[in-house]
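Trainee: A single structure is presented below for examination.
The values are calculated or read from the model by the stated rules, or taken from the named source; none is laboratory data. This structure is a prediction, so every number in the text was calculated from the model and none was measured. Note that each Cβ is placed from the backbone with ideal geometry, even for glycine, and that neighbours are counted across all protein chains shown. Just the protein is used for accessible areas: all its heavy atoms, side chains included, with ligands, DNA and RNA removed. Shrake-Rupley method; radii C 1.70, N 1.55, O 1.52, S 1.80 Å.
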Amino acid sequence: MRARPLSRLVLSDQNRCPDWRAALTIAKRETVNPVGLILRDYDLPERAALAEDMASYCAREKIYFAIAGDARLAAKHRAGFHCPSYLLSRPAARLGRALACDFAAAHNPAQIHQAARAGFGSVFVSPVFATQSHAGAQTLGVVRARALAQLARQLGLRAYALGGMKKTTWQRLNGQRGTFHGFGAIDAFVSNSPAKG
């Protein structure tokens, strides 16, 4: 589905980032590598219509697109699937074995191993830093996040950071190490937003 690794992924949130097209434009400015879009918005009543709109746009613009938490909706739109960590142990909910273009969220070594065994190509190591998406959740911090990313890479997975990611936290986390392929965020791609995704 993609030749070069993605480096920035916009996670949709109609409240915090209602203009996902503008967010993609901001993400593209930050990197020469491909960017992607993940439909998050789990509880949005018009989620199916939004998925269709996003899938159509991303197909036209040749942008990677994935849908979080709903493998059937992802399959319907020939999109990647983003698997929340709680679904890693439920193959039926994932519609069986994952594809190399699919992402899984992982918060610990056991989930990294689960993602590798299930066939995922990439993992979101999260939450690295404090994030509005999971307010109050215990964060990994730089050292533990890097250790999980290194484990993921040893198992053949691409590692991406999620949780409180923006330019400054990305430099702090990855620097010149190259441990992570990139990061996903919400607020980092909102114009003039100081908040963390």
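Trainee: Could you grab the pairs with beta carbons closer than 7 Å, sequence gap of 6+ or different chains, first residue in the range 156-184 and part of a helix (DSSP H, G or I), second one of a type in the set (A, V, I, L, M) and open to solvent by less than 60 Å² (accessible area, probe 1.4 Å)?
Mentor: Once the first residue is part of a helix (DSSP H, G or I) and sits in the range 156-184, its partners that are of a type in the set (A, V, I, L, M) and open to solvent by less than 60 Å² (accessible area, probe 1.4 Å) give R172/V142; L173/V128; L173/V142; L173/A145; L173/A161.
Trainee: I'd like to verify a number: residues in the range 27-65 that are aliphatic (A, V, I, L, M), free of Cβ contacts under 8 Å to residues at least 40 places away in the same chain and outside any strand (DSSP E or B), how many?
Mentor: Residues that pass the stated criteria total 9.
Trainee: Here's a follow-up. Which members of the range 1-33 meet the condition of being at pLDDT below 95, open to solvent by 20 Å² or more (accessible area, probe 1.4 Å) and under 21 Å from C83 (Cα atoms)?
Mentor: Within the range 1-33, M1, R2, P5, Q14 meet the criteria.
Trainee: Mind checking which residues of the range 141-155 are in contact (Cβ under 8 Å) with a residue 24 or more places away in the chain, farther than 13 Å from L173 by Cβ and part of a helix (DSSP H, G or I)?
Mentor: Within the range 141-155, L151, A152, R153 meet the criteria.
Trainee: Mind telling me which of the residues A115, A149, A105, A110 ends up being in contact with a Pro (Cβ under 7 Å, 6 or more places away or on another chain) and modelled with pLDDT of 90 or more?
Mentor: Of the residues listed, the single one that is in contact with a Pro (Cβ under 7 Å, 6 or more places away or on another chain) and modelled with pLDDT of 90 or more is A105.
Trainee: Quick check on this structure: which one of L24, L6, L73 is assigned to a helix (DSSP H, G or I), under 14 Å from the mean Cα position of the chain (by Cα) and not hydroxyl-bearing (S, T, Y)?
Mentor: L24
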